[in-house]
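A short worksheet on the structure shown next.
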Amino acid sequence: MAETLYQRLGGAERIAAIIDDALDRHAVNPVLAPRFRDKDLPRLKQLGTQFFCAGIGGPQQYEGRELRTAHAGMNINEQELLATMDDIVAALNGQAVGATEVSEVVAILYSLKGEVLRV
Ligand code: HEM
């Protein structure tokens, strides 16, 4: 059987490292930093890792809120979404993730935009 994206990305530890790096990038990205200034980054890293792993074939349980609820009232715009995607791509490249897998992650993030943009 074909490997899941979770397996091809190298499983829990490697994915946690990618999400850690992406959130650290958000915290210093001028477009995003104001959004994350007062947030519990370790908690967001944990929830982000769970969310992503659970969505791509991992055994993890996601314990966070629905995306639409978590982002409600934030009025997030396209520039911010693009900035998060740029940081995630940089984190994936930092872990030498292959181009096919990077494209798959980008497609997944893009598919979720309706859950986070101006909700
Ligand atoms: C497809 C894109 C995105 C995904 C998959 C995603 C995923 C998540 C997840 C899983 C959480 C934790 C939910 C919870 O707290 O229960 C979260 C929270 C959060 N996200 Fe996103 N997110 C996305 C886009 C964005 C964007 C574009 C921004 C802003 C610029 C953003 C800012 C935040 C903030 C500030 C929180 C913390 C909310 C709070 O605790 O008050 N997210 N996101």
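Pairs linking a residue in region 1-18 that is without any contact (Cβ under 8 Å) to a residue 60 or more places away in the chain and closer than 11 Å to residue 101 by Cα to a residue that is assigned to a loop (DSSP other than H, G, I, E, B) and not basic (Lys, Arg), with Cβ atoms under 7 Å and 6 or more positions apart or on different chains, are 4/56; 4/57; 6/56; 6/57; 6/58; 7/57.
Each row is one residue, and each column tells you yes or no for (1) in contact with a Gly (Cβ under 9 Å, 6 or more places away or on another chain); (2) surrounded by 12 or more Cβ atoms within 10 Å (Cβ to Cβ); (3) small (Gly, Ala, Ser).
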{"site": "69", "(1), (2), (3)": "no, no, no"}
{"site": "73", "(1), (2), (3)": "no, no, yes"}
{"site": "76", "(1), (2), (3)": "no, yes, no"}
{"site": "91", "(1), (2), (3)": "no, yes, yes"}
{"site": "114", "(1), (2), (3)": "no, no, yes"}
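Contact annotation: residue pairs with Cβ atoms under 8 Å, 6 or more positions apart or on different chains, pairing a residue in region 37-48 that is at pLDDT 95 or above with a partner that is outside any loop (DSSP other than H, G, I, E, B) and near the ligand (Cβ under 7 Å from one of its atoms), are 44/36. Only one of the listed residues (107, 27) is surrounded by fewer than 12 Cβ atoms within 10 Å (Cβ to Cβ), within 12 Å of the ligand (Cβ to nearest atom) and in a helix (DSSP H, G or I). That residue is 107.
If the condition is being more than 8 Å from the ligand (Cβ to nearest atom) and touching a strand residue (DSSP E or B) at 6+ places or on another chain (Cβ under 7 Å), then region 110-119 contributes only 118.
Can you name the residue in region 32-47 that is under 15 Å from residue 84 (Cα atoms), of a type in the set (A, V, I, L, M) and crowded, with 16+ Cβ neighbours inside 10 Å and, of all such residues, is nearest to the chain's Cα centre (by Cα)? Filtering region 32-47 for residues that are under 15 Å from residue 84 (Cα atoms), of a type in the set (A, V, I, L, M) and crowded, with 16+ Cβ neighbours inside 10 Å, the one nearest to the chain's Cα centre (by Cα) comes out as 44.
Only residues that are more than 8 Å from the ligand (Cβ to nearest atom) and either within 19 Å of residue 106 (Cα to Cα) or under 14 Å from the mean Cα position of the chain (by Cα) (or both) were counted across region 48-62, and they come to 7.
Residue-wise test of (1) touching a strand residue (DSSP E or B) at 6+ places or on another chain (Cβ under 7 Å); (2) near the ligand (Cβ under 10 Å from one of its atoms); (3) of a type in the set (D, E, K, R); (4) assigned to a loop (DSSP other than H, G, I, E, B).
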| residue | (1), (2), (3), (4) |
| --- | --- |
| 42 | no, no, no, no |
| 46 | no, yes, no, no |
| 64 | no, yes, no, yes |
| 74 | no, yes, no, yes |
| 81 | yes, yes, no, no |
| 84 | no, yes, no, no |
| 91 | no, no, no, no |
| 96 | no, no, no, yes |
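The values are calculated or read from the model by the stated rules, or taken from the named source; none is laboratory data. Source: prediction; values computed, not measured. All Cβ positions, even for glycine, are placed from backbone atoms using ideal geometry, and neighbour counts span all protein chains on display.
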